[in-house]
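The values are calculated or read from the model by the stated rules, or taken from the named source; none is laboratory data. None of the values given here were measured: they were computed from a predicted structure. Don't worry about glycine lacking a Cβ; one is built from the backbone with ideal geometry, like all the others, and counts go over all protein chains shown.
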Amino acid sequence: MGLVGTIERRMREAQYRAATTAKVGWFSTFYVMGRHIVGPLTKPGEVPKPSKTPAPSLATMRAAFGQLFDDEWADIDRGVYRMPREFRERPDPFRSLSNARDYLREARAVAKRAHTPGGGVEVRERTSDDLPNYYRQNFHFQSDGWLSERSAKVYDTQVEVLFTGSADAMRRRALPFIAEEIRRLVREGRAESDIHFADVACGTGRLLSDVVDNFPDLSISAVDLSEPYLGEARRAAEGARNARFIGAPAEKLPFADGSVDILTTVYLFHELPPKVRREVAAEIARVLKPGGLYVHLDSVQYGDTSMDALLEGFPAAFHEPYYDSYCKEQLAELFGEAGLEPDGQRVGFLSKASAFRKR
């Protein structure tokens, strides 16, 4: 690499580091404000349960947090994927302030619900008789669960605040698996537009937007049970040239057998009851082509890092009724029973991307 190339590379890295530092600083500020609003993680008069494992040191957490961004920069630098769009475009201060206002307003509602008996399992007005019961819960104590535009608009800010600006970077730990698979298929003679990519339980489309930014010609199917969240995903993936958005449950996917090349789920399985996880795993295997790739992005599990104490306290503090069982789930066995074999893994702070290939 010549002098000009070296200077350009250093400038790009400086751009990335400055953008991530600003993002982390912004969301860390609202994390502190949100914690002040929500208050103690235990209910009044309740004694916190002792952790089975020692709490990680601040140095350990900082190291893992920093490694996430170091790993992402290494992938960008190697050309695995583009500099994320959020760091290439000038931020909209008015939108950021509006999102922050909505987050703080929602934090007050979350605080009230978190300290109210049954506040995480209230049943909202049914918008469809086809919604499974587990889906009607207020995961994270958020207003309306997944079933309103208000919930869809505030969700991304909630998650970024919770993880102090690292949520998108954690999701993108799945992107190298996806990018490498697409390029492999193209080298074998497939046109990008002929590759069927399905993002199941796509939510607001945060990972989907990064996939579209790098591979706009893919044939994309985005699936979710929430119409408001699908609406946000449509906006996030506006650069896609061949995308469809489908309201359907992950346990009954609207695809023919062996019709999908690459399938992803993001933060889905820790919000599924154990029985439903197996139904979804079987559906993923059913719709994948032989040799097709499934990329599973979700929380780290017990034993993946030295931060198990954080995982132990998460279910009660944030109303995640199936989270503890997920952290104990043996993914190789879960997906192996469905006919999927492990094909790589990447840990990024508190998330883990695991690749599986259909036999």
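Side notes on the structure shown:
- Among the residues of the stretch 238-248, those that are among the aliphatic types (A, V, I, L, M) and part of a loop (DSSP other than H, G, I, E, B) comprise Ala240, Ala248.
- Within the stretch 249-359, helices (runs of 4 or more DSSP H) holding 3 or more residues that are among the small types (Gly, Ala, Ser): 274-287, 308-317
- Filtered residue count, the stretch 56-85, keeping only those that are surrounded by 15 or more Cβ atoms within 10 Å (Cβ to Cβ) and either farther than 18 Å from Ser28 by Cα or modelled with pLDDT under 95 (or both): 10
- Scope the stretch 193-221; condition more than 14 Å from the chain's Cα centre (by Cα), under 16 Å from Leu175 (Cα atoms) and outside any loop (DSSP other than H, G, I, E, B); matching residues: His196, Phe197, Ala198, Val212, Asp213, Asn214, Ile220
- Of all residues in the stretch 90-110, those being closer than 24 Å to Gln15 by Cβ and more than 22 Å from the chain's Cα centre (by Cα) number 5.
- Applying the condition of being touching a residue at least 12 places away in the same chain (Cβ under 8 Å) and not in a helix (DSSP H, G or I) to the stretch 149-189 and asking which residue is nearest to Thr29 (Cα to Cα) yields Thr164.
- Residue within the stretch 335-351 that is surrounded by fewer than 18 Cβ atoms within 10 Å (Cβ to Cβ) and on the phi > 0 side of the Ramachandran plot present: yes
- Looking only at the stretch 1-30, and only at residues there that are within 17 Å of Phe87 (Cβ to Cβ) and aliphatic (A, V, I, L, M), the one that is surrounded by the most Cβ atoms within 10 Å (Cβ to Cβ): Val24
- Put simply, of Glu188, Glu192, Glu180, Glu238 the only residue that is modelled with pLDDT under 95 and either surrounded by fewer than 23 Cβ atoms within 10 Å (Cβ to Cβ) or under 18 Å from Asp261 (Cβ atoms) (or both) is Glu238.
- Among the numbered conditions (1) modelled with pLDDT of 95 or more; (2) within 15 Å of His140 (Cβ to Cβ), the only one that His115 does not meet is (1).
- Residues in the stretch 332-350 that are out of contact with any strand residue (DSSP E or B) (no Cβ under 7 Å at 6 or more places or on another chain) and closer than 25 Å to Ala169 by Cβ: Val347, Gly348, Phe349.
- Members of the stretch 232-277 that are more than 20 Å from the chain's Cα centre (by Cα) and in contact (Cβ under 8 Å) with a residue 40 or more places away in the chain: Arg241, Asn242, Phe255, Ser259, Val260, Asp261
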